[in-house]
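The values are calculated or read from the model by the stated rules, or taken from the named source; none is laboratory data. Computed from a predicted model, the values in this text were never measured in an experiment. Positions of Cβ are generated from backbone atoms using ideal geometry, with glycine treated the same way; all protein chains shown enter the neighbour counts. With ligands, DNA and RNA removed, areas are computed over all heavy atoms of the protein, side chains included. Shrake-Rupley method; radii C 1.70, N 1.55, O 1.52, S 1.80 Å.
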Amino acid sequence: DTSAYGVDVKYRTGFWDGKPVKTRLLELVQSLGEMAAPYGAWVRLHYVYPYPSVDEIIPLMAQGLVLPYLDVPFQHSHPDVLKRMKRPASGEKNLDRIQRWREACPELVIRSTFIAGFPGETEEEFQHLLDFMREAQIDRAGCFAYSDVNGAEANSLPGMLPLEEREARRARFMAVAEEVSVAKLQRRVGATMQVLVDHAPAMGRKGGVGRSYADAPEIDGTVQLLPPEKISKQMKVGEFTRARIVGVQGHDLVAQPI
């Protein structure tokens, strides 16, 4: 839980680069951004919960200190389901927070994970989750059907759903998540983005594969790079290239290096 950074040591003051730095999320992000800036490196935050401390770092994302990308495991949207999960916040509060985040940083990309078929989940509560996905416009989402793992306290909750229903709800959720994600990708067509090159045979003269700031490695989509229009253009693995988005291919973007 990156958003809880420093809680265990009561936000004590440490030192970095000869300067006192409080052990807290805001100061951590500021220092990481300063450390990465001279190298043009990307700093990406994962696994944060929608706590007030996260609100403070959104302006730093807007300034470019760290990537405007958050991995927030919301798990569900309905207040009653979240209560049974013993999770903080409610769907309504999360929607308000997401709206404020995007107002402060329009380029923000949000990835999340959810659970379908949690014990006691009604059809109405599940529909609430689907409506949340459409309204929150989560850029990237994964979903798990509830699994009754040995020893899990939730196994004793009333209303355990049949496995077939849990899997069916997971599939319904993923259909909505894909609909939202693909629509958001389509809006990027025509834009120019910075792409980090991950694979580039023949120095990229035949194209390659990379990632934008919106794509965390191994879990999100990729940017399929076409052969450069200029023969002299080279792409090296680990370096950045500018590319114009020309299409969408499933969960991936297709781009022309420029």
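What is the percent carbon and sulfur in the accessible area of the range 142-258, measuring with a 1.4 Å probe over the protein chains and ignoring ligands?
Roughly 54 percent of what the probe reaches on the range 142-258 is carbon or sulfur.
Identify, among Val9, Leu70, Pro59, the residue whose Cα sits farthest towards the positive end of the charge dipole of the range 1-90, taking +1 on the Cβ of Lys and Arg and -1 on the Cβ of Asp and Glu, with the dipole about the Cα centre.
With unit charges placed on the Cβ atoms, the residue in question is Val9.
Considering the options Val254, Ala37, Tyr47, tell which one lies farthest towards the positive end of the dipole of the chain, charges being +1 on Lys and Arg and -1 on Asp and Glu at the Cβ, about the Cα centre.
Ala37
Calculate, in whole percent, how much of the Cα-Cα pair population of the range 119-160 lies beyond 13 Å.
Tail fraction, whole percent: 65.
What full-extension length gain, to one decimal in nm, is calculated for Gln249 and Asp96 as 0.36 nm per residue of separation minus the Cα-Cα distance?
On the way: separation 153, 0.36 × 153 = 55.08 nm, distance 3.16 nm.
The Gln249-Asp96 span can extend by a further 51.9 nm.
What does the accessible area per residue of the chain come to in Å², with a 1.4 Å probe and no ligands, DNA or RNA counted?
Dividing the accessible area of the chain by its residue count gives 51 Å².
In debye, nearest 20, what is the charge dipole magnitude of the chain about its Cα centre with +1 on Lys and Arg Cβ and -1 on Asp and Glu Cβ, if you could check? Each step should come with its number before you reach the end.
Values: 32 positive and 34 negative charges, 212 e Å.
Approximately 1020 debye in magnitude.
Over the range 19-139, what percent of the accessible surface lies on carbon and sulfur atoms, probe 1.4 Å?
On the way: 2850 of 5290 Å².
Heavy-atom surface of the range 19-139 belonging to carbon and sulfur, 1.4 Å probe: 54 percent.
For a quick check of your reading of the filter: which trypsin sites (Lys or Arg not before Pro) in the range 159-200 sit in a DSSP loop and have no more than 12 other Cβ atoms within 10 Å?
Arg187
Quote the convex hull volume per residue of the chain, based on C-alpha atoms, as a whole number of Å³.
Given the Cα convex hull of the chain, per-residue volume reads 150 Å³.
Among the GluC sites (Glu not before Pro) in the range 164-242, which ones are in a DSSP loop with at most 16 other Cβ atoms within 10 Å of the Cβ? Mind listing them?
Working: sites: Glu164, Glu165, Glu167, Glu178, Glu179, Glu218, Glu229, Glu239; in loops: Glu218, Glu229, Glu239.
Loop-located and lightly packed - Glu218, Glu229, Glu239.
Under the √(5λ) rule applied to the eigenvalues of the Cα gyration tensor, what semi-axes describe the equivalent ellipsoid of the range 117-218? Give them in Å, descending.
38, 18, 10
Relative contact order, percent, of the chain when contacts are C-alpha pairs under 8 Å separated by at least 6 residues?
Reported relative contact order: 12 percent.
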